[in-house]
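Chemist: There's a structure below that I have some questions on.
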Amino acid sequence: MRDAKTRTLLLSLSPIRGARMSSSDFDTVVYVANAGDGTIGSYRLHREHGRLEPLTTTPAAENVMPLAISPDRRCLYAAIRSQPLRVLSYRIEDDGALTPLGSGRLDGSMAYIATDRSGRHLLAASYGDSVVSVSPIGADGVAGDASQTCPTGSRAHAILATPDDRHVLATNLGDDRLAQFRFDGQLTSNTPEAAATDANVGPRHFVFSPCGRFVYVLGEFDASVTTFALDADSGTLSRLDVCAGLPPESELARGMPREEIPAGDDTPRIWAADMHISPDGRHLYLSERTTSTLSILRADPESGSLTFIGNQPTVAQPRGFEIDPQGEFLVVAGERSDHLALYRVDAASGELTHASDAPAGNKANWIEIVTLAR
């Protein structure tokens, strides 16, 4: 619950809904999905001062999450996890404002969405329905009704096209594997059809290294990061190594699916959430919700190997965060926090320095950042 001071701050900083943003000196806009409010908040990133300026709030729908940005940075997509299940399409105007374009049916409650590299297809993964899907994106930027929905392994959690757009990978948290697909606008199981992590890891989110040679996979249940080598020709993965994402002194029990935790069991368990890599590929960041912390790992761009650097507190229950395209700032949203946290990123060391906070909506959970032409 927000206190009176915070409510006053929100009212004083929030403009009238639907107000247009001034385009003068625009640089970077941060978009935040507020699942509890059913809105998408927009903020301007002031680099010189290290602060986020709340701009406007765009209506979406209850349980709006996750978000995705088109490759040309002109459209934003928002999955709605309340009925009717659908994806909303918005045009990103030159001033950063969001203009609704349309919606398309989704055949599941999607935990993750992303466009393919061409921007002509929207990929989606459903944890609750254990399916992945493909939706066409028209020339107008609107994601239409799902054209393909196929069962995958248990509890699909994230999905991305490979850098060459010829293959797709999707995590299956319940099966400890990554499903491997060939992709030509439709998904076809690859051979082999999956690559495995260690048992009881719960593979959740994953990222490609900027060079495209490595795939880093976050385990929700142990906060580990598994490194795979990606064969670009076949689109298949070979496991290389595993690195711990939490310090030994965290003393948390191994996590498990939240729906399987017995009633009354308040054992502190690992509950990793999100992961991103710096634009230069030298540092990896992950969030852990039980301890409300961010961890920093050093990545070797040549070998793909990871080294744990450190861990620091952040906003309550950090469900999502993002690094700005220049790699200078990191923004974190907490589902149990009434504010966003902005950090400066030291490119050499990877260290994060808290710069400022900004008011957040209810159950802020997903962040996308777009740099606009001045």
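The values are calculated or read from the model by the stated rules, or taken from the named source; none is laboratory data. Given the structure is predicted, the values throughout are model-derived calculations rather than measurements. With ideal geometry, Cβ positions are generated from the backbone for all residues, glycine too; neighbour counts draw on all protein chains shown.
Chemist: Among the β-branched types (Val, Ile, Thr), within 22 Å of residue 171 (Cβ to Cβ) and under 16 Å from the mean Cα position of the chain (by Cα): does that describe residue 323?
Modeler: yes
Chemist: For the range 78-97: of the residues being in contact (Cβ under 8 Å) with a residue 60 or more places away in the chain and surrounded by 23 or more Cβ atoms within 10 Å (Cβ to Cβ), which is nearest to residue 203 (Cα to Cα)?
Modeler: Among them, the one singled out is 92.
Chemist: Take the range 117-156 and flag every residue that is of a type outside the set (A, V, I, L, M, F, W, C), surrounded by 21 or more Cβ atoms within 10 Å (Cβ to Cβ), part of a loop (DSSP other than H, G, I, E, B) and modelled with pLDDT of 95 or more.
Modeler: 127, 155
Chemist: Out of the residues in the range 23-62 meeting the condition of being hydroxyl-bearing (Ser, Thr, Tyr) and either in contact with a helix residue (DSSP H, G or I) (Cβ under 6 Å, 6 or more places away or on another chain) or part of a loop (DSSP other than H, G, I, E, B) (or both), tell me which one is farthest from residue 91 (Cα to Cα).
Modeler: Per the criteria, the residue is 24.
Chemist: Can you tell me which condition residue 238 does not meet? The list is (1) without any contact (Cβ under 8 Å) to a residue 60 or more places away in the chain; (2) loosely packed, with under 14 Cβ neighbours inside 10 Å; (3) not in a strand (DSSP E or B), and all the others hold.
Modeler: (3)
Chemist: For the range 129-144, check the following and say yes or no: at least one residue is more than 30 Å from residue 39 (Cβ to Cβ) and touching a residue at least 40 places away in the same chain (Cβ under 8 Å).
Modeler: no
Chemist: Let me ask something additional. Which number in (1) surrounded by 23 or more Cβ atoms within 10 Å (Cβ to Cβ); (2) within 20 Å of the chain's Cα centre (by Cα) marks the one condition that residue 290 misses?
Modeler: Unmet for residue 290, out of (1) surrounded by 23 or more Cβ atoms within 10 Å (Cβ to Cβ); (2) within 20 Å of the chain's Cα centre (by Cα): (1).
Chemist: Could you identify the single residue in 179, 229 that is touching a Ser or Thr at 6+ places or on another chain (Cβ under 6 Å), part of a strand (DSSP E or B) and either modelled with pLDDT under 95 or crowded, with 23+ Cβ neighbours inside 10 Å (or both)?
Modeler: 179
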